[in-house]
Amino acid sequence: MTSLADLRVIDAATLFAGPSAAMMLGDFGADVIKIEHPRRGDPSRGHGASVDGVGLWWKSLSRNKRAAAVDLSREEGQEILRRLAERSDVLVENFRPGTLERWGLAPADLMALNPRLIVARMTGFGQFGPMARQPGFGTLAEAMSGFAAMTGEPDGPPTLPPLALADGIAGLAMSYAVMVALRARERTGRGQVIDMAIIEPILGLLGPQMTAFKALGVVPERTGNRSSNNAPRNTYRTRDGRWLAVSTSAQPIAERVVTLVGRADLVEQPWFGSGSGRVRHADELDEAVATWIAERDAAEVIARFEEVQAAVAPIYDVADIAVDPQYAALGTFVEVPDEELGTVTVQNVLFRLSETPGEVRWPGRGLGRDTDEVLGELAYTPERIAALRDGGVIA
């Protein structure tokens with residue numbers, strides 16, 4: 001049995017943040033119905049690498065979802081969504097504020113049909129405020145949150161991540177928000193509206209920057225691979241050309257690292273007793289660690305660190321990840337059958353539950369693959385379905 005097998009989720013969002021949240025619910029058994037435009041589909045189908053025109057990012061992002069193609073801007077399409085909402089638990093959407101209302105699909109209207117419905121609204125800037133109606137993507141959140149300003153080398157430009165970071169964080173946060181709302185519904189019997197702005201969840205991962213700014217006027221600066229909270233913390237190159245990452249967030253780890261590299265004398269320094277003190281002497285600490293590592297091959301460095309229980313890890317690319325024994329032991333990646341490509345490898349569910357584990361049941365499907373099945377469950381006759389398809393409302 002899976003944890004969420006009794007839930008039905010409508011994923012009417014596009015690209016990454018909202019669909020990521022729906023994906024995580026589907027991983028644990030929710031019946032997720034992916035709604036796409038009949039002709040354009042979700043733009044994420046065209047992102048990233050592809051095989052014979054089939055997008056591979058889509059295969060992971062839309063796994064465990066049934067694919068229905070419905071034009072929600074058409075009156076007949078809006079009626080389909082109303083019927084779905086009547087018998088669903090969650091609607092995930094990311095239209096610009098006011099769009100659902102213009103279509104007669106406002107949360108209040110849908111919840112009048114189904115008072116237990118949870119409407120999860122994911123937008124760049126939230127449902128209100130001066131920027132609410134502007135188009136918003138994760139990149140803008142990475143810029144406005146302070147992330148880009150504090151990322152990069154001290155003498156270099158602000159740096160954006162090469163991935164949908166803010167979207168992924170918002171997706172995780174939204175899946176949690178949905179579970180909180182579902183728990184509240186158990187007590188009240190009522191659904192509610194979730195308003196999430198992509199610019200906000202990423203702030204929570206950047207530490208108490210506003211707290212420090214208000215109290216001390218501190219503005220984080222770019223530190224490259226160093227940390228502003230502890231040292232030594234950096235990437236270091238070995239004699240055989242590998243790169244390793246070292247972290248000393250805990251005081252005992254910092255002591256073990258400097259002792260290992262032959263600088264036990266530093267532990268006795270008054271400033272060594274705190275992360276902030278070590279940060280002020282990061283140059284000296286980095287020189288000691290970098291020199292020691294540069295004189296040894298990666299395998300020796302890792303073995304010596306492991307002997308003294310200090311924290312080190314190799315810098316991987318995806319080819320390294322594919323053969324790493326720890327990921328293999330965890331079952332982090334799974335190969336699943338696919339109707340279009342035969343088989344496809346995707347990342348497994350994000351955590352393991354001992355009693356109700358999640359599962360990747362199938363990868364993302366072709367546009368509209370399950371439209372007839374979904375409409376059949378809504379009591380649409382084959383003739384009516386054919387007429388809607390001929391009229392371009394569905395695909």
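The values are calculated or read from the model by the stated rules, or taken from the named source; none is laboratory data. Computed from a predicted model, the values in this text were never measured in an experiment. Cβ coordinates were reconstructed from backbone atoms using ideal geometry, including for glycine residues, and neighbour counts include every protein chain displayed. Quick note on the areas: whole protein, heavy atoms, side chains included, nothing else; ligands and nucleic acids left out. Shrake-Rupley method; radii C 1.70, N 1.55, O 1.52, S 1.80 Å.
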Probe 1.4 Å, all protein chains present, accessible-area order of Arg278, Arg74, Arg45, largest first: Arg74, Arg45, Arg278
Would you calculate, for the chain, the mean residue ellipticity at 222 nm contributed by helices, counting each DSSP H stretch of 4 or more residues as -39,500 (n - 2.57) and dividing by all residues, to the nearest 500? -10500 deg cm²/dmol
Sequence-distant residues sharing a close amide H with Ala311 (under 5 Å, placed H): Ser247
What angle do you read, to the nearest 10 degrees and between 0 and 90, between the alpha-carbon axis of helix 75-86 and the longest principal axis of the chain? 70 degrees
Extending each Cα 7 Å along its Cβ direction at Thr188 and Val308, get the distance between those two points in nm, one decimal. 5.5 nm
Under the 0.36 nm per residue contour assumption, what length would be gained going from the current alpha-carbon distance of Gln127 and Arg87 to full extension? 11.9 nm
Rounded to 5, percent antiparallel among DSSP beta bridges of the chain: 45 percent
Length gained if Ala215 through Ser276 is fully extended, taking 0.36 nm per residue and subtracting the Cα-Cα distance, is 20.3 nm
The chain: angle of helix 17-27 to the longest principal axis, Cα-based, in degrees nearest 10: 80 degrees
Solvent-accessible area of Glu339, probe 1.4 Å, all protein chains present, reported in Å² to the nearest ten, please. 120 Å²
Where Rh denotes the Kirkwood radius from the mean inverse Cα pair distance, what is Rg over Rh for region 1-124? 0.96
Give me the distance in nm between label points sitting 7 Å out from Cα along the Cα-to-Cβ direction at Glu153 and Gln269, one decimal. 2.4 nm
Summing Lys, Arg as +1 and Asp, Glu as -1, what charge do residues with Cβ under 12 Å from the Cβ of Lys65 carry, Lys65 excluded? +2
Rounded to the nearest 5, the percent of DSSP beta bridges in region 1-99 running antiparallel is 15 percent
List the lysines whose alpha-carbon lies under 27 Å from that of Lys34, not counting same-chain residues fewer than 8 positions away? Lys59, Lys65
Run the quick spin-label model on Thr332 and Glu79: label points 7 Å from Cα toward the beta carbon, then report their separation in nm to one decimal. 5.0 nm
Per residue of region 236-243, what does 6.51 cos²θ - 1.76 cosθ + 1.60 with θ = phi - 60° give for ³J(HN,Hα)? Whole Hz please, x for Gly and Pro, Karplus curve as stated. 9, 9, 8, 4, 8, x, 7, 10
Using Cα centres only, tell me the gap between region 301-331 and region 151-193 in whole Å. 28 Å
Taking H as built 1.01 Å from N, whose amide H comes closer than 5 Å to the amide H of Arg63, not counting residues under 5 places away? Gly364
Put Met111, Met210, Met1 in order of accessible area, largest first, probe 1.4 Å, and you get Met1, Met210, Met111
Tell me, what is the Rg over Rh of region 216-349, with Rh the Kirkwood radius over Cα pairs? 1.11
Taking Rh as the Kirkwood radius, which is the inverse of the mean 1/r over Cα pairs, what is the Rg/Rh value for region 77-152? 1.11
Taking 25 Å as R0, compute the FRET efficiency from the Cβ-Cβ separation of Thr343 and Ile315 and round it to 0.05. 0.25
Long-range Cα-Cα pairs in the chain (distance over 35 Å), rounded percent: 40 percent
Using alpha-carbon positions, what is the distance between the centroids of region 241-292 and region 42-69, in Å? 45 Å
For Arg233, residues with placed amide H under 5 Å, excluding near neighbours: Ser227
